[in-house]
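**Student:** I have a structure here, written as structure tokens, and I will follow up with some questions on it.
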Amino acid sequence: MLQWYPVHYRIGAAPLLTASMVVIALLGRLLLPGSALVVWPLVASLPIICLLHLYLIVDDQAMGKLDAVFYALVHLPLAFVVWTFCLLHATGGDLF
């Protein structure tokens, strides 16, 4: 596969995106409460995190496949919880 970024960036991309969800939710609630400009990046972030983990599982150079699967099994449930609370915080507790 193409190597656009060093291995450390590929491994750390999913947790960085999770941390950026928190920053977007906090700043979005402060500056633009309930705005679609805040909600849609948060909605799109979890599928992107899933795709990043899938890429790590497929990519043999970043880490072993079993290590990447365990990494995904640990990070994805945590990212889902953070994602849910970020959406709730950004929308003011109103998801509907």
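**Student:** I'm checking my understanding of the structure. Among residues of region 71-93 that are assigned to a helix (DSSP H, G or I) and of a type in the set (Gly, Ala, Ser), which one is nearest to Leu16 (Cα to Cα)?
**Tutor:** Ala79
**Student:** Further question on the same structure: With the checklist (1) of a type outside the set (Phe, Trp, Tyr); (2) in a helix (DSSP H, G or I); (3) without any contact (Cβ under 8 Å) to a residue 12 or more places away in the chain in hand, flag the one item Ala68 doesn't pass.
**Tutor:** Tallying (1) of a type outside the set (Phe, Trp, Tyr); (2) in a helix (DSSP H, G or I); (3) without any contact (Cβ under 8 Å) to a residue 12 or more places away in the chain, Ala68 fails exactly one: (3).
**Student:** Would you mind stating whether Asp67 is of a type in the set (D, E, K, R) and surrounded by 15 or more Cβ atoms within 10 Å (Cβ to Cβ)?
**Tutor:** no
**Student:** Has region 1-16 got at least one residue that is under 21 Å from Asp94 (Cα atoms), of a type in the set (A, V, I, L, M, F, W, C) and open to solvent by less than 60 Å² (accessible area, probe 1.4 Å)? Full working, then the answer.
**Tutor:** Taking region 1-16 and keeping what is under 21 Å from Asp94 (Cα atoms), we get none.
So far as region 1-16 goes, no, none of its residues is under 21 Å from Asp94 (Cα atoms), of a type in the set (A, V, I, L, M, F, W, C) and open to solvent by less than 60 Å² (accessible area, probe 1.4 Å).
**Student:** A further question on this structure: Based on this model, can you work out whether Ile24 counts as outside any loop (DSSP other than H, G, I, E, B), among the β-branched types (Val, Ile, Thr) and under 28 Å from Gly92 (Cα atoms)? Break it down into steps so the answer makes sense when it comes.
**Tutor:** Numbers: outside any loop (DSSP other than H, G, I, E, B): yes; among the β-branched types (Val, Ile, Thr): yes; under 28 Å from Gly92 (Cα atoms): yes.
So Ile24 passes the test.
Residues checked against (1) within 14 Å of the chain's Cα centre (by Cα); (2) closer than 29 Å to Pro6 by Cα; (3) of a type in the set (S, T, N, Q); (4) open to solvent by less than 60 Å² (accessible area, probe 1.4 Å):
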{"position": "Thr18", "(1), (2), (3), (4)": "yes, yes, yes, yes"}
{"position": "Ala25", "(1), (2), (3), (4)": "yes, yes, no, yes"}
{"position": "Ser35", "(1), (2), (3), (4)": "no, no, yes, yes"}
{"position": "Leu46", "(1), (2), (3), (4)": "yes, yes, no, yes"}
{"position": "Tyr71", "(1), (2), (3), (4)": "yes, yes, no, yes"}
{"position": "Val74", "(1), (2), (3), (4)": "yes, yes, no, no"}
{"position": "Leu78", "(1), (2), (3), (4)": "yes, yes, no, no"}
{"position": "Gly93", "(1), (2), (3), (4)": "no, no, no, yes"}
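Yes/no per residue for (1) acidic (Asp, Glu); (2) at pLDDT 95 or above:
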position	(1), (2)
Ile24	no, no
Leu51	no, yes
Leu56	no, no
Asp59	yes, no
Leu66	no, no
Phe70	no, yes
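**Student:** Sticking with this one: One residue is enough: does region 48-55 have a residue meeting the conditions open to solvent by 70 Å² or more (accessible area, probe 1.4 Å) and farther than 20 Å from Pro6 by Cα? Give the steps one after another, and end with the answer.
**Tutor:** Going residue by residue through region 48-55, those that are open to solvent by 70 Å² or more (accessible area, probe 1.4 Å) are 48, 51, 54.
Okay, now just the ones that are also farther than 20 Å from Pro6 by Cα, so none.
Checking region 48-55: not a single residue is open to solvent by 70 Å² or more (accessible area, probe 1.4 Å) and farther than 20 Å from Pro6 by Cα.
The values are calculated or read from the model by the stated rules, or taken from the named source; none is laboratory data. A quick note: this is a predicted structure, and the numbers were derived from the prediction, not measured. Because the Cβ atoms are built from the backbone with ideal geometry, glycine has one as well, and the counts that use them run over all protein chains shown. Heavy atoms of the whole protein, side chains included, go into the accessibility calculation; ligands, DNA and RNA do not. Shrake-Rupley method; radii C 1.70, N 1.55, O 1.52, S 1.80 Å.
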